[in-house]
1. SER191 to LYS28: extension gain in nm, 0.36 nm per residue of separation minus the Cα-Cα distance?
2. For GLY105, enumerate residues with amide H under 5 Å from its amide H, sequence gap 5+ or separate chain, H modeled in the peptide plane.
3. Accessible area, 1.4 Å probe, largest first: how do TYR67, TYR244 sort?
4. Give me a comma-separated list of calculated 3J(HN,Hα) values for the range 147-164, in order, Karplus coefficients 6.51, -1.76, 1.60 applied at θ = phi - 60°, integers in Hz, x for any Gly or Pro.
5. Could you give the size of the charge dipole of the chain about its Cα centre, using +1 on the Cβ of each K and R and -1 on the Cβ of each D and E, expressed in debye and rounded to the nearest 20?
6. For the chain, what class follows from the C-alpha gyration tensor (a ≥ b ≥ c being the square roots of its eigenvalues): rounded when a/c is under 1.5, otherwise prolate if a/b is larger than b/c, else oblate?
7. Leaving out ligands, DNA and RNA, and with a 1.4 Å probe, what % of the accessible surface on the chain is carbon or sulfur?
8. Go ahead and run the numbers for FRET between GLU262 and VAL286, Cβ-Cβ distance against an R0 of 22 Å, rounding to 0.05.
Amino acid sequence: MTTIENPIDSATAAASGASATERFHTDKSPFAAVKDTPKERVSQLAGEVLSAVHDTIRRHRVSYDEYNALKAWLIEVGADGEWPLFLDVWVEHVVEDVATDHRAGSKGTIEGPYYVPGSPECGARGTIPMRDGEPGTPLVWQGTITSTDGSPLEGKVELWHADSEGFYSQFAPNIPEWNLRGTFSTGADGSFEINTIRPAPYQIPTDGSCGKLIAAAGWHAWRPAHLHVKVSAPGHELLTAQLYFPGDPHNDDDIADAVKPELMLDPQTGADGSESVVYNFVLDPVKA
Ligand code: DHB
Ligand code: FE
C-alpha cells in the first residue's frame, strides 16, 4: 500500500487517490466519526439528501441498469481512494462559501486534496523548495498580511502548488517531498516576498472513477493553473485560498468551481521573461 513516507511510484489515479485518502485520515481523523453532531441534524441532512436522490430517480425514471451502474461506480470511487478528489471537486466549493460568507477580509476558496501541513520554513523573504533547474517561468510574489483595520500582522503564508507539468509533490511520483511547498513568516511589518515558478493548469486524474464519470458525462477534467495558500495570524481567522492567472482557458469553467474574481493575480512580465506580482491578504479578527 502507498504511504506518505514512501512517495508513490506511479502517476495513476489510484496512487494519488490513495495518497489523498491517507492524507485525509492523518490530518482530519477527528472528523472520521460524527460523534458530536446531534441526531436531529444528522437525520435532517441525511433525509434531505436521500429525498433529493429519490426525486431525481422519479423525475427521470432511473432504470435498474442505471441504478446498478451507480452502485458499481460508488464502490469503485472507494476502491480507488477517490472520495477526497470527488468531494473536493464537486462539493467543497459550496461548503467554503457558507463557512466564509460573514468575512470582511480577503476572499478564500477550496483547500482541495493536496495540502500537507508542516512545510519547510522559508522566512519572510525566500525561495520555495524546488529542484535545481525547476522548469517553469520564475515568479516573484510580494505581499502583505494585514488585519481588517489595516494593521500589519505577524503571520504565515503556507504556499503549495503544482509544478510546470501540473503535478503535486507527495501525490505524484519522483518529486522531492517538499517540492513547491513552503511556509513564509512575516515580521512586524506584515510583508513577505516569495520566489517560485508559475504552475501549469491541472487535470484531475482521468484514469480513475472520477475520470470515468467525467468521460461518461462528456465533461472536461481541467482546473486552471493556481497557487494554493493558507494564511494565518494570531487572533485571526485562517484564510484558505487559491490564486489564479488571467487568460487561463479554464478560469471560466473550472471543474471545481473554485475561481472568484477577487482571486485573480495581475502578473507583470519582466525583460528577462520572469514574472512579478503583488497580492495582499486581509484577515478577519476572530470574534470573541
Ligand atoms: C483537486 C485538485 C486540486 O489541485 C484542487 O485544487 C482541487 C481539487 C482534485 O483533484 O480533486
Ligand atoms: Fe490544486
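1. Length gained, SER191 through LYS28: 55.6 nm.
2. ASP284
3. TYR67, TYR244
4. 8, 4, 8, x, 6, x, 10, 7, x, 9, 10, 8, 10, 9, 7, 6, 7, 6
5. It comes to approximately 640 debye.
6. Note, shape of the chain comes out prolate.
7. Carbon and sulfur: 57 percent of the exposed surface of the chain.
8. Given R0 = 22 Å and the Cβ-Cβ separation, E is 0.55.
The values are calculated or read from the model by the stated rules, or taken from the named source; none is laboratory data. None of these values were measured; they are calculated from a predicted model. Note that each Cβ is placed from the backbone with ideal geometry, even for glycine, and that neighbours are counted across all protein chains shown. Ligands, DNA and RNA are excluded from the accessible area calculation, which covers all protein heavy atoms including side chains. Shrake-Rupley method; radii C 1.70, N 1.55, O 1.52, S 1.80 Å.
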